[in-house]
Amino acid sequence: MRCVLLVALLLARVSLLGAEGPVIFEPANSFRLTQEGLLIEAGSAGQFTLNYPVLVGDKWDDVRKPIEKTVSGNTATLRFDGPARIEVAWQSADRILTFTPINVPAGVKSLRADMLIDFSYINGGCWQIGQGKQTSFPAQQPAKPHLFQGNADTLKLRNFEGATLTVHVPPYSFQQLTDNREWGWKIFSWQFSAPWTTAAGPLSVQIDLGAPSGEAVKLVDRFGQSTRFDFPTKLRTEEELKQDVQTEAAWLASLRPPTLDRFGGLPGSGENLGLKKSGFFHLEKKGPRWILVDPEGNAFFHLGICGFGPCDDYTYTAGRERVYEWLPAREGEFGSAYHPDPYWNSLALSFHLVNIIRKTGKPYDPAAYTARMIERVRKWGFNSIGAFVGGDAGVRRQVNFPFVAHLPLSTWEGFPDVPGAHGIFDPFSDELRRHCDKLFAERLPPAAADPLVIGYFLANEPLWEEIPGAVAALDSSHSCKRRLATMLEEKYKTIEAFNRAWETSLGSFSEVAARGLPAKTQSARQDMQQFTGIFLEAYLRLVTETFHKYDTNHLLIGNRFQPGTINNETVCRLSGHYMDLVSFNYYAYGFDSELLGRIRGWMGDRPMFFSEFYFSSTPDSGLTGGGKDLSSQQARGLAYRHYVEHAAALGYVVGIEWFTLVDQATTGRFFEKYNGEAANTGLISVGDRPWKTMLEEMLKTNYDIYKVFFGGRPPFVFDDSRFAAKK
């Protein structure tokens, strides 16, 4: 659920079909080979990656993956264990991707490649495989996950505008199209398996893109709402917007949140519990319970909101203007509703800001926006801002509203990911170590004495579980691969001993550094886990030591791990050692007590934030993407109560962060262009209407959180079988 500014992507080549045949428009980089596969920028049809193929034997799960990928312009080489390799070539003039297998073992029967299809295709999109009928993507989860299984040589996708992507695969290929909601993931996946023999020679895939055609489909109304759904709180007129001002003011005035100290903590709790007043947020343990303590020295349960400010409500309008019933001019009354960044300004619009301008009669003003939003959320019992802080910093200081910050460790700050491992840089690179010190020296001291900063996240959902495979696949141009070769030489002493353990036939340890390595034996997998510990120890030591060099007052609160990352002993052990608390983006209905217990055992006695979650409802929001789906806004509120109160009762969770303040845009958040998440994430709708039915449940928990936290009453239980504790 990343809320970041990504680099600009260029529009894709399109094929405009006419009487004289196709007229081709091909901006640069419509197609590009990457480390993952062929990146396809298909205009309003979306972005796709046709992943590089794997080698498949007699059985479906008899799979051999590349251990090394070398990409150079329009060619790539995939090396497998042993002499096998596949030469990949992209011919842009003919839009043909060619796979040439070389030295492939006799047991290989086919090449299999796959591609994900964005969930937005349920909004009027359809698919056709071979000569079969054109079929709509299902809005509701089907009884069986596989939409198609069979032999065919084409896949054709058509979106709501009539824009198409057609993939021609080798003859006699087996294709499978799957709805991944079966496994809790709102996305479709497609794969093909092409039969291969030595006599078959190279295999080719051709890609065709077709421009939107036919009558325009209006997906979004003039208020930014879906035209495909009706729901009780849907805006109908501008008069309703103006009436909302008085209606909401009366409702907010009727709310009676509890009295808190000036930072949002529990008054008197510091004296009662013997907590320290340090002037900054810090952690203390009283008996078996961890407590986050605010600068006043009082207990503070972090009830934070991620994405506090315009972000996911901006949507990418360029190239699909005709799906909107109305778009404002970029100059004039609604000009401030377009994205402030110079690149995105002409491309991305926030209908939420449009509706605020309609409501107030004034241009968007960050200070006024921030003040109004803080006033709202305080009334609803929230006491802080979580990840992805937005709005006006001066207002936050003026009204004393705490927040969580991020260290400048991202790719756009000059820290490239280790190829194949998302969200982590090479800690053995002297250049990156110097860059870390330079950035921290510039960015941290100005806020080092700010009492409103709760602490710092290091990264957002890094995939540390990818480190073993990624580093093994690198060559000696990467510092971490040279460090791996050194570790292996120190352990095995001779190349012969290494070859026996890894079942390789390399000539020297310099070749170990230079080549991609197959981690196919138990010894190899154990070695890569050992190296992952060395890698992460170097990374975390570098970050923490550099951080404390420039800021000794604030907490380090981890990396907002996903479940697949945090469920690892090495990751948890080192995070528990170096972090003040560990942050876990825990999306769940019922808590998995076995998972949480395992994580706690590995981490040692460390507190946690559940740093990202939300529940969504399509029927009364009109938004279809992401999240844990429920039937109504009231159910969202009841789910929140269950989740937050059970978290607070654990004794080691000291805060939660709801994602987000405002719903994501109907046509998806802007920085993902045509593949943007479009979910009912917000406390507030695109029409600037609080989801009152949900909030009336939420505030019951927020107002009473310290009773639950300190055991004064048991946590609320939502009467829904999905929320029962589970493994």
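The values are calculated or read from the model by the stated rules, or taken from the named source; none is laboratory data. Remember, predicted model here, so these are calculated numbers, not experimental data. So basically every Cβ, Gly included, is an ideal-geometry build from the backbone, and we count neighbours across all protein chains shown. To get the accessible areas, we keep the full protein, side chains included, count just its heavy atoms, and leave off ligands, DNA and RNA. Shrake-Rupley method; radii C 1.70, N 1.55, O 1.52, S 1.80 Å.
Quick notes
- Taken per residue, the accessible surface of the range 448-535 reaches 39 Å², heavy atoms only and a 1.4 Å probe.
- Total charge dipole magnitude, the chain, about the Cα centre, Cβ charges on Lys, Arg, Asp, Glu only, Debye to nearest 20: 960 debye
- Straight-line cross-link reach from Lys438 at under 20 Å between alpha-carbon atoms covers these lysines, not counting any fewer than eight positions away in the same chain: Lys549.
- Asp118 accessible area, assembled protein chains, probe 1.4 Å, Å²: 30 Å²
- At 0.692 mPa s and 37 °C, Stokes diffusion of the range 469-596 via Kirkwood alpha-carbon radius, µm² per second: 197 µm²/s
- As a fraction of the 1.4 Å probe accessible area of the range 99-144, surface on carbon and sulfur atoms comes out at 48 percent.
- For the range 170-244, applying the loop criterion from DSSP together with a ceiling of 12 other beta carbons within 10 Å to the GluC sites (Glu not before Pro) yields Glu215.
- The range 120-218 - charge dipole about Cα centre, Lys and Arg +1 at Cβ, Asp and Glu -1, debye rounded to 20: 200 debye
- Sulfur and carbon atoms: percent of accessible area, the range 161-287 [1.4 Å]: 55 percent
- Residue (of Thr135, Leu157, Val205) at the positive-pole extreme of the chain, dipole from beta-carbon charges: Thr135
- Accessible area (Å², per residue) of the range 159-227, counting only protein heavy atoms and a probe of 1.4 Å: 38 Å²
- Accessible-area composition of the range 532-630, carbon plus sulfur, in percent [1.4 Å probe]: 46 percent
- Cα-based reach from Lys700 at 30 Å (exclusive), listing lysines while leaving out same-chain residues under 8 positions away: Lys234, Lys242, Lys276, Lys277, Lys285, Lys286, Lys359, Lys379, Lys628, Lys692, Lys726, Lys727
- Translational diffusion coefficient (Stokes-Einstein; Kirkwood radius from C-alpha pairs) of the chain at 10 °C, 1.306 mPa s, in µm²/s: 57 µm²/s
- The sum of -39500 (n - 2.57) across all DSSP H runs of n ≥ 4, divided by the residue count of the chain, sets its helix-only mean residue ellipticity at 222 nm to -8000 deg cm²/dmol.
- Positive-end residue, the chain charge dipole about Cα centroid, Cβ charges, pick of Pro715, Ile454, Ala42: Pro715
- Dipole moment magnitude, nearest 20 debye, the range 349-417 about Cα centre, only Lys, Arg, Asp, Glu C-beta charged: 540 debye
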